[in-house]
Amino acid sequence: MSFNTFGRAFRFTSWGESHGPALGVVIDGCPPGIHLGEADIQPYLDARKPGQSRFTTQRQEADEVRILSGVFEGRTTGTPISLMIENTDQRSKDYGDIARKYRPGHADYAYDAKYGLRDYRGGGRSSARETAARVAAGAVARKVIPHVGILGHVVELGGDRVSGFDAAEISRNPFWCADAAAASRWEGALDAARKSGSSLGAIVEILADGVPAGWGSPIYAKLDSELGSAMMSINAVKGMEIGDGFDAARLTGEQNADAMRPGDPPVFDSNHAGGTAGGISTGQQIVCRIALKPTSSILTPVETIDRDGAATEIRTKGRHDPCVGIRAVPVAEAMMALVLADAFLMHRAQVG
């Protein structure tokens, strides 16, 4: 049994590996008549692609998308949309040393234990390279819900948290950071980690505005659980929270209550719940955060074993992100868009 498909009404199946000739995605369930061209998708791929600063992997990929099906004369036809992105800068030789060694923190051992073989070239299917396909699919999802605004930004890097928020600042630094002072500190911290052969973790926040009340379906398709499934499927994500998340457990009942006042729509005095109640959107801003572990591919030698179970040591060569949280922002935005587009179509199907 294979699980490469996500979604219910708006579904996508990604395909391809890190060092294969190409990767891509097939989207099914997209409504017909939506204006769509490669130019609508490319900006989101450009935001995610590698090699844009010294703080990301120096793999050079154009990540140019091609629409192979599902669009005629600039409009979606309602049939499956197939998107393809070629791999043009693979360096499989960088991974020759790990063909028989397991990289701690990677999926190497788990894949070998499950399948009896693994593609060691960049991790194959387990590589974050696969997320390019999700970003492409997310760009299409945004066309389904154009009234919803989605914004992701890094709120913590290496344990250093932002103290301010200026949305305009996000595009001015390579960290997707809305706090100029924090971005300046992160530059030094990440440079130090990179030069020492190590890596840092991060926390990314994703916000969605314009989601009306009513999206999401109890009990087993709650908006919270769909977002959780989507965000936790992103490489290196080890935790996810909605609204106040774990901090809600430290509040009293009266502190945590999002008091309501009359209005059309109702006015909420706070948003501790992160825009959902009972797994259904409330019309407030959707707020979720994801925690990403430090990149497992590091130059510092670590103890491991080989395929025969013998003790050995490994240091990962090649081109890797010193903080995967940076390039995870466009991916998390895409997964938010995919969940919300699916929720919109499911809601429309059930209640009209």
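Given (1) open to solvent by 50 Å² or more (accessible area, probe 1.4 Å); (2) within 14 Å of ILE290 (Cα to Cα), where does PHE268 come up short, assuming only one miss?
(2)
Mind checking which residues of segment 211-233 are part of a loop (DSSP other than H, G, I, E, B), open to solvent by 40 Å² or more (accessible area, probe 1.4 Å) and not small (Gly, Ala, Ser)? Talk me through it step by step, then tell me what you get.
Here is the first cut: in segment 211-233, the ones part of a loop (DSSP other than H, G, I, E, B) are 211-212, 214-216, 218-220, 222, 233.
If we keep only those that are open to solvent by 40 Å² or more (accessible area, probe 1.4 Å) as well, we get 212, 218-220, 222, 233.
Hits for segment 211-233 are PRO212, PRO218, ILE219, TYR220, LYS222.
In segment 317-337, how many are open to solvent by less than 10 Å² (accessible area, probe 1.4 Å), more than 21 Å from ALA189 (Cα to Cα) and at pLDDT below 95?
Looking only at that region, the number is 0.
Looking only at segment 15-36, which residues are more than 22 Å from ARG75 (Cα to Cα) and either open to solvent by less than 70 Å² (accessible area, probe 1.4 Å) or part of a loop (DSSP other than H, G, I, E, B) (or both)?
GLY16, GLU17, SER18, HIS19, GLY20, PRO21, ALA22, LEU23
How many residues does segment 190-218 hold that are under 11 Å from LEU157 (Cα atoms), at pLDDT 95 or above and of a type in the set (Gly, Ala, Ser)?
So the answer is 2.
Please tell me if THR88 is of a type in the set (S, T, N, Q) and at pLDDT 95 or above.
So THR88 does not fit the description; no.
If a residue has to be at pLDDT 85 or above, out of contact with any helix residue (DSSP H, G or I) (no Cβ under 7 Å at 6 or more places or on another chain) and assigned to a helix (DSSP H, G or I) to count, how many in segment 91-121 make the cut?
Summing the residues that are at pLDDT 85 or above, out of contact with any helix residue (DSSP H, G or I) (no Cβ under 7 Å at 6 or more places or on another chain) and assigned to a helix (DSSP H, G or I) in segment 91-121 gives 7.
Looking only at residues that are of a type in the set (A, V, I, L, M) and closer than 22 Å to ALA167 by Cα in segment 177-189, which one is nearest to the chain's Cα centre (by Cα)? Break it down stepwise before answering.
Start the filter on segment 177-189 by keeping residues that are of a type in the set (A, V, I, L, M), which leaves 178, 180-183, 189.
Among the residues that remain, those that are also closer than 22 Å to ALA167 by Cα are: 178, 180-183.
Values: ALA178: 18, ALA180: 23, ALA181: 25, ALA182: 22, ALA183: 21 Å.
Filtering segment 177-189 for residues that are of a type in the set (A, V, I, L, M) and closer than 22 Å to ALA167 by Cα, the one nearest to the chain's Cα centre (by Cα) comes out as ALA178.
How many residues are in contact with a helix residue (DSSP H, G or I) (Cβ under 9 Å, 6 or more places away or on another chain), modelled with pLDDT under 95 and on the phi < 0 side of the Ramachandran plot if we restrict to segment 9-22?
4
Check segment 122-135 and report whether any residue there is outside any helix (DSSP H, G or I) and crowded, with 23+ Cβ neighbours inside 10 Å.
For segment 122-135, residues outside any helix (DSSP H, G or I) and crowded, with 23+ Cβ neighbours inside 10 Å: present.
I'm told PHE175 meets every condition in (1) buried (at least 21 other Cβ atoms within 10 Å of the Cβ); (2) more than 28 Å from GLU61 (Cα to Cα); (3) of a type outside the set (D, E, K, R) except one. Can you identify the failing condition by its number?
(2)
Assess whether ARG289 counts as being open to solvent by less than 60 Å² (accessible area, probe 1.4 Å) and farther than 27 Å from ALA349 by Cα.
yes
Out of (1) in contact with a Ser or Thr (Cβ under 8 Å, 6 or more places away or on another chain); (2) farther than 30 Å from LYS195 by Cβ, what's the single condition that is false for PRO265?
All conditions pass for PRO265, except number (1).
The values are calculated or read from the model by the stated rules, or taken from the named source; none is laboratory data. Just so we're clear, the structure is a prediction, and the values are computed from it rather than from any experiment. Using ideal geometry, Cβ is built from the backbone for each residue, glycine included, and neighbour counts are taken over all protein chains shown. Just so you know, the surface numbers come from the protein's heavy atoms only, side chains and all, with ligands and any DNA or RNA stripped out. Shrake-Rupley method; radii C 1.70, N 1.55, O 1.52, S 1.80 Å.
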